[in-house]
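So the structure is just underneath, and the comments pick up after that.
The values are calculated or read from the model by the stated rules, or taken from the named source; none is laboratory data. Fair warning: this is a prediction, and the values are worked out from it, not measured in the lab. Methodologically, a virtual Cβ is constructed for each residue, glycine included, from the backbone with ideal geometry; neighbour enumeration extends over all protein chains shown. Surface accessibility is based on the protein's heavy atoms, side chains included, excluding ligands, DNA and RNA. Shrake-Rupley method; radii C 1.70, N 1.55, O 1.52, S 1.80 Å.
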There are 2 protein chains.
Amino acid sequence: MKTDTVFKKAFNRTLDLMVRSEMEDPLPSENALRRRLGVSRTTIRKVLGELDQRGVIVAATRSQVQDRQVLPNDYFPDVETMPRNLHIERHFMEWMLRGDTKPGTSINELELARHFGVATSGIREFLIRFSRFGLLEKRPNSGWIFEGFTEEFALDLFEIRVMFELRSARLFAKQSDHSPLWEKLETLKRAHLDLLEEIDYRFHDFSSLDNRFHRLVNEASPNRFIDDFYDIITFIFHYHYQWNKRDEKQRNHAALVEHLGYIDALLSHDLSRVEVAAGAHLSSAKETLLRSLVTIA
Amino acid sequence: MKTDTVFKKAFNRTLDLMVRSEMEDPLPSENALRRRLGVSRTTIRKVLGELDQRGVIVAATRSQVQDRQVLPNDYFPDVETMPRNLHIERHFMEWMLRGDTKPGTSINELELARHFGVATSGIREFLIRFSRFGLLEKRPNSGWIFEGFTEEFALDLFEIRVMFELRSARLFAKQSDHSPLWEKLETLKRAHLDLLEEIDYRFHDFSSLDNRFHRLVNEASPNRFIDDFYDIITFIFHYHYQWNKRDEKQRNHAALVEHLGYIDALLSHDLSRVEVAAGAHLSSAKETLLRSLVTIA
DNA sequence: GCTCTTCCTCTTATCGATAAAAAACAATAC
DNA sequence: GTATTGTTTTTTATCGATAAGAGGAAGAGC
């Protein structure tokens, strides 16, 4: 009763590589494929079997069949490649951020399970995982209470974020001059400048850049709890702004400029400049979030 | 297939209250009992039914039967009152901290389930919940990796703990003079002094005092993420020192004295004194933990 | 008219079963 | 022998079923 999303995704990915001629013909060995796709050999064999079945390749030699083009409908549809837990996550976040889910609402596992078309155990596991985000509370032998994506939540979140970010930024700036991270920071700076040039039509790309930047700052002196906390931030922001596109371009433009100031401050090794730049960036991120919360409510 | 631990615990508790004459005769109404025991009326009725069945009370009038003493073996044994998740937690922590569980060990859900005598879903849920403690990592479609209760872990933990504690202590000291928390702090100070007098035989009581104190410090300016983090600390320390009693009395005595210094610093409202006292206490707690890790390995 | 209880429904905790995927093992080829 | 493929075993993901527990509606008692 496990889903076969792993297989289907691997299958699609293989077709893709063939189409884009990034895959030799005949195909590499099972072990090589396994490493390339990051799945077990069991799955690779299933993929090869299916490709053979459909006449795309001859399994025995793993060579592509002439005149058998890969067609668009050879691919499995995207829904079928999405693992259950991701499916639940999406549904839940939509339910939470979109619906009229007020703080204090109680969450009914059974109802969600029916609603999302999955077994209750999937919902439970998701809720347990999600509870670390500070938005849910469990009453034993009874349900979960949704505490609301409120201003208070945002303030708690940002208080910690500022503490962690300042700490990491300081440690980053104090690194030895031959740390490889300086190099990485320069690369990231260039990526920022590139994006800034094309901000008009590439503004969506900012969020991945944002992520890379903040993770890089943490890399100088890793702490698992800080990393975990950054996972929360990433997750929350990802979904929140996915359903909240207001002013996205301006927001991202402003943040990009702030990042550049922050990056230059880091490059300068000047601690007080770093603190000012990081502080400024975070407080504007905070204002943005708070503003968007008000407009939702 | 749910366990009936809720019922059994409520039953034992009721007997207890009766024995200690803390329960009127006849017993209060179902609703009153429900509030007192913190369970649903359904459970109360089951308890009353059982008491009647066994001839301890007459259900109809809820009055105790004369000459029917409550006997020791009227109680359900303790094992049967422990909910499954707690049972799993205990077993797991023992397995982890006692056994020769080296960093990098992979965790097999099925094996643990058989070992602990529970279904795999219980184990999964526990592992998911536990993973927030930063000691496990999940490989999708494969198992969990135990990352080890190592020195590195302890250092990560304490770095965050120091940040949070200093922040909370500063905010505590800055509170207005008529905050009710000052009163609470005074009470706690007295409890510390009392314990200090009797440290020779009551040294076990320190850990609950420790908890109360640090939670109180956080109370001045609550932040859900800090609270959550303190849950981690509590949990880890609880189990770690449960299986590591070396020098317990001295350790607790020293910590008690440090607490008193810390408390006085708070009472003085002097920020720099607070920082020094809090820092001193935390660094000695850290040294203690690190030392105990070395002696284990 | 309120509280208490009886009866009933809905939800959670927990189990066991099973398909998919991983991993270990065995056989073969080069 | 080393890499590759074929086969078998083990483990995870996921479902559905069910007893325990929570909680609501409505009658019964004062």
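Leaving ligands and nucleic acids out of the surface, order B:Arg90, A:Arg161 by accessible area at 1.4 Å, largest first.
B:Arg90, A:Arg161
Computed across the protein assembly as shown, the Kirkwood radius stands at 28.7 Å (inverse of mean 1/r, all Cα pairs).
Across the stretch B:62-151, the volume of the C-alpha convex hull divided among the residues equals 159 Å³ per residue. Based on protein heavy atoms only, the stretch B:84-146 ends up with 53 Å² per residue of surface accessible to a 1.4 Å probe.
Using only Cα coordinates, the Kirkwood hydrodynamic radius of the stretch A:172-222 works out to 11.8 Å.
Quick one: angle between helix B:151-173 and the longest Cα principal axis of chain B, in degrees between 0 and 90, rounded to 10, please. Helix B:151-173 and the main axis of chain B meet at about 90 degrees. Hey, which of these cross-link pairs are over 31 Å Cα-Cα: A:Lys102/A:Lys286; A:Lys102/A:Lys245; A:Lys9/B:Lys138; B:Lys102/B:Lys245; A:Lys46/B:Lys138; A:Lys189/B:Lys102? Those over the limit are A:Lys189/B:Lys102.
For the set A:Trp144, A:Trp243, solvent exposure ranked by accessible area (probe 1.4 Å, protein chains only) runs largest to smallest as A:Trp243, A:Trp144.
I need to check one value: relative contact order of the stretch A:83-146, counting alpha carbon pairs closer than 8 Å and at least 6 residues apart, in percent.
37 percent
Across the identical copies, the label point of B:Leu110 (7 Å from Cα in the Cβ direction) is separated from its matches by 3.2 nm, in order from shortest. List the distances, in nm and shortest first, from the label point of B:Asp177 to the matching label points in every other copy, placing each point 7 Å from Cα along the Cα-to-Cβ direction. Copy-to-copy label distances for B:Asp177: 5.5 nm. Each residue, A:Lys184 and A:Val58, gets one label point 7 Å from its Cα in the Cβ direction; the gap between the two is 4.8 nm.
As an exercise, use a Förster radius of 51 Å and the Cβ-Cβ distance of A:Glu287 and A:Gln69 to find the FRET efficiency, rounded to the nearest 0.05. Numbers along the way, then the final one.
Values: r = 53 Å, r/R0 = 1.05.
Rounded to the nearest 0.05, the efficiency is 0.45.
If you bin all the Cα-Cα distances of the stretch B:5-80 at 5 Å, starting from zero, the percentages per bin are 3, 16, 31, 29, 15, 4, 0. About the centre of its Cα atoms, the protein assembly as shown shows a dipole size close to 1500 debye [charges on the beta carbon of Lys, Arg (+1) and Asp, Glu (-1) only; nearest 20 debye].
Counting only protein heavy atoms and using a 1.4 Å probe, the accessible area of A:Thr42 comes to about 110 Å². Measuring nothing but alpha carbons in the stretch A:135-197 and taking Rh as the Kirkwood radius, the Rg to Rh ratio lands at 1.26. If you plug the beta carbon distance of A:Asn244 and A:Val79 into 1/(1 + (r/R0)^6) with R0 = 30 Å, you get a FRET efficiency near 0.75.
Pairs of C-alpha atoms in the stretch A:151-296 farther apart than 28 Å represent 15 percent of all such pairs.
For A:Val274, the accessible surface of its heavy atoms amounts to roughly 0 Å² (probe 1.4 Å, protein chains only, rounded to the nearest 10).
Relative contact order of chain A, taken over Cα pairs closer than 8 Å and 6 or more residues apart, is 15 percent. If you take the Cα centroid of the stretch B:80-120 and the Cα centroid of the stretch A:1-75, the two points sit 39 Å apart.
Extending each Cα 7 Å along its Cβ direction at A:Arg90 and B:Arg212, get the distance between those two points in nm, one decimal. Taking the two extended label points, one gets 5.2 nm. With the whole protein complex present, B:Asp194 retains an accessible surface near 90 Å², based on a 1.4 Å probe. The angle between the Cα long axis of helix B:41-53 and the main principal axis of chain B comes to about 50°, on a 0 to 90 degree scale. Label-point spacing for B:Val70 across the identical copies (point 7 Å from Cα in the Cβ direction), in nm and ascending order: 7.2.
Across every pair of non-identical alpha carbons in chain A, the mean reciprocal distance, once inverted, gives a Kirkwood radius of 22.6 Å. Between the helical axis of B:271-296 and the longest alpha-carbon principal axis of chain B there is an angle of about 70 degrees.
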